[in-house]
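The values are calculated or read from the model by the stated rules, or taken from the named source; none is laboratory data. In this text, all values refer to a predicted model and were calculated from it rather than measured experimentally. Cβ placement follows ideal geometry from the backbone for every residue including glycine, while neighbour counts extend to all protein chains displayed. Heavy atoms of the whole protein, side chains included, go into the accessibility calculation; ligands, DNA and RNA do not. Shrake-Rupley method; radii C 1.70, N 1.55, O 1.52, S 1.80 Å.
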Amino acid sequence: MKTIKASEFKARCLGIMNEVAETGEPVIIIKNGKPISKLVPCYPRPESLFGLHRGIIKSHDDLITPCGEVWDAEC
């Protein structure tokens with residue numbers, strides 16, 4: 001993770017913000033040798049959670065056919 005002094009961050013703020021937005025890599029801002037802040041990219045929130053993980057999560061089982069077990073609720 002990249003670190004930068006507060007004085008340098010103040011001078012190059014807009015450029016550093018663009019860099020973080022493009023690369024996605026956070027930057028830690030240091031003042032007097034101690035970390036005081038972390039600049040991270042802000043990703044837009046999805047309009048809907050439906051389909052959010054499409055293509056990421058895959059199931060290899062058949063989720064539709066009954067498994068044949070009787071549940072207490074069916075008795």
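Things to note:
- Carbon + sulfur, % of accessible area of the chain - ligands and nucleic acids excluded, 1.4 Å: 57 percent
- In a DSSP loop and with at most 11 other Cβ atoms within 10 Å, the chymotrypsin sites (Phe, Trp or Tyr not before Pro) in the range 3-75 are PHE50, TRP71.
- For a straight C-alpha distance cut-off of 29 angstrom, the lysines reachable from LYS5 (same-chain residues fewer than eight places away being disregarded) are LYS31, LYS34, LYS38.
- Rounded tilt (10° steps) of 13-23 against the dominant C-alpha axis of the chain: 30 degrees
- Label of the coordinate-derived value, P(r) over Cα pairs in 5 Å bins from 0, in percent, listed as (i) 3, 11, 14, 12, 8, 8, 8, 7, 6, 5, 6, 5, 4, 2, 0; (ii) 3, 12, 9, 9, 9, 10, 12, 9, 6, 4, 4, 5, 5, 3, 2, 0; (iii) 3, 17, 24, 21, 15, 8, 5, 4, 2, 1, 0: (i)
- The chain: GluC sites (Glu not before Pro) in DSSP coil with no more than 14 other Cβ atoms inside 10 Å: GLU47, GLU69
- Residue-count net charge about ILE29 - beta-carbon cut-off 15 Å; Lys, Arg +1, Asp, Glu -1: +4
- Per-residue packing, averaged as other Cβ atoms within 10 Å, sorts the ranges 34-42, 53-61 into the order 34-42, 53-61, beginning with the highest.
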